[in-house]
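Visitor: Below are the structure tokens for one structure; questions will follow.
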Amino acid sequence: NAGVTQTPKFRVLKTGQSMTLLCAQDMNHEYMYWYRQDPGMGLRLIHYSVGEGTTAKGEVPDGYNVSRLKKQNFLLGLESAAPSQTSVYFCASSYSRADPGSYEQYFGPGTRLTVT
Amino acid sequence: EDKVVQSPLSLVVHEGDTVTLNCSYEVTNFRSLLWYKQEKKAPTFLFMLTSSGIEKKSGRLSSILDKKELFSILNITATQTGDSAIYLCAVENNNAGNMLTFGGGTRLMVKP
């Protein structure tokens, strides 16, 4: 199993450009999440999904959109990048509480995004 | 708004020392508290705590939760250089989606 993978690993954007970050998981997890991590601030939830075709806002959703067209994929879009979106982005996935076993979140390796 | 505060912010110790990391929280509807270790990249899961007073243990690492005083500690005994990492504490709100609120982390450096 590859676990949780993210594409790309690094990206530099200019202000106003758009891009999509791709997250894929092969563990058949129902739930998926996008976080951003900034120095000294831990991880902050941007958006999440509790199943295919569903999305919901997290703590810091402004400036981002997401889609979950397939269970294994969760896409994070930046329509018009701003320097404040310079960060490391992590995707995570987990089982739902309805599934047997533990439901801790598994994280991908991260995408380092710089907006100039 | 849920809140998690970790202390200390950073810590430098020598191999063989014992360290205690602290996590205090405020959450509207508590379900669980989790500890993660983050080295260069992805956080990796250490413990999930749901009940007060029951210690979770894995090798040299252990953790305990106090739901009355709203805190948890993570202990690492006989530290090794491989324990150098950022340790993250998170609380889960008992709502849909298993959403986590993370603290800012404690950066631990273990010197040889």
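Visitor: Wholly within segment A:17-116, which strands (runs of 3 or more DSSP E) include no fewer than the required count, namely at least 1 residues that are away from every other protein chain (no Cβ under 13 Å) and either over 9 Å from the mean Cα position of the chain (by Cα) or of a type in the set (Ser, Thr, Tyr) (or both)? Before you say what the answer is, go through the steps one by one.
Guide: Details: elements: A:19-25, A:31-37, A:43-49, A:65-67, A:73-78, A:87-94, A:111-115.
Hits in segment A:17-116: A:19-25, A:65-67, A:73-78, A:87-94, A:111-115.
Here's the yes/no breakdown for (1) touching a residue at least 12 places away in the same chain (Cβ under 8 Å); (2) in contact with a strand residue (DSSP E or B) (Cβ under 8 Å, 6 or more places away or on another chain); (3) within 14 Å of chain A (Cβ to nearest Cβ); (4) over 26 Å from A:Thr111 (Cβ atoms):
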{"position": "B:Val5", "(1), (2), (3), (4)": "yes, yes, yes, yes"}
{"position": "B:Pro8", "(1), (2), (3), (4)": "yes, yes, yes, yes"}
{"position": "B:Leu21", "(1), (2), (3), (4)": "yes, yes, yes, yes"}
{"position": "B:Trp35", "(1), (2), (3), (4)": "yes, yes, yes, no"}
{"position": "B:Ile54", "(1), (2), (3), (4)": "no, yes, no, yes"}
{"position": "B:Gly59", "(1), (2), (3), (4)": "no, no, no, yes"}
{"position": "B:Ile73", "(1), (2), (3), (4)": "yes, yes, no, yes"}
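Visitor: Could you list, in sequence order, all residues of segment B:1-44 that are hydrophobic (A, V, I, L, M, F, W, C), closer than 15 Å to B:Ser72 by Cβ and surrounded by 15 or more Cβ atoms within 10 Å (Cβ to Cβ)?
Guide: Residues of segment B:1-44 hydrophobic (A, V, I, L, M, F, W, C): B:4-5, B:9, B:11-13, B:19, B:21, B:23, B:27, B:30, B:33-35, B:42.
Retained after the next criterion (residues that are closer than 15 Å to B:Ser72 by Cβ): B:4-5, B:19, B:21, B:23, B:27, B:30, B:33-35.
Selection gives B:Val4, B:Val19, B:Leu21, B:Cys23, B:Val27, B:Phe30, B:Leu33, B:Leu34, B:Trp35.
Visitor: Separate question: Please count how many residues of segment B:37-52 are within 14 Å of chain A (Cβ to nearest Cβ) and not in a strand (DSSP E or B). First the steps, then the outcome.
Guide: Step one: of segment B:37-52, the residues within 14 Å of chain A (Cβ to nearest Cβ) are B:37-50.
Right, trim to not in a strand (DSSP E or B) and you get B:39-42, B:50.
Qualifying residue count for the region: 5.
Visitor: Within segment B:38-52, restricting attention to residues that are farther than 24 Å from A:Arg97 by Cα and in contact (Cβ under 8 Å) with a residue 40 or more places away in the chain, which residue is farthest from the chain's Cα centre (by Cα)?
Guide: Quick first cut of segment B:38-52, residues farther than 24 Å from A:Arg97 by Cα only: B:38-41.
Imposing the further condition that a residue be in contact (Cβ under 8 Å) with a residue 40 or more places away in the chain reduces the set to B:38-39.
Working: B:Gln38: 11, B:Glu39: 14 Å.
Only one residue tops the list, namely B:Glu39.
Visitor: Hey, any hits in segment A:36-49 for a residue that's surrounded by fewer than 16 Cβ atoms within 10 Å (Cβ to Cβ), touching a residue at least 24 places away in the same chain (Cβ under 8 Å) and touching a strand residue (DSSP E or B) at 6+ places or on another chain (Cβ under 6 Å)?
Guide: Within segment A:36-49 (the criterion being surrounded by fewer than 16 Cβ atoms within 10 Å (Cβ to Cβ), touching a residue at least 24 places away in the same chain (Cβ under 8 Å) and touching a strand residue (DSSP E or B) at 6+ places or on another chain (Cβ under 6 Å)), the answer is yes, since at least one residue qualifies.
Quick note: the coordinates plus some simple rules give every number you see, no bench work behind them. Every value quoted in this text rests on a predicted model; they were computed, and no experiment measured them. Ideal geometry is used to build each Cβ from the backbone, glycine not excepted, and the neighbour counts take in all protein chains shown.
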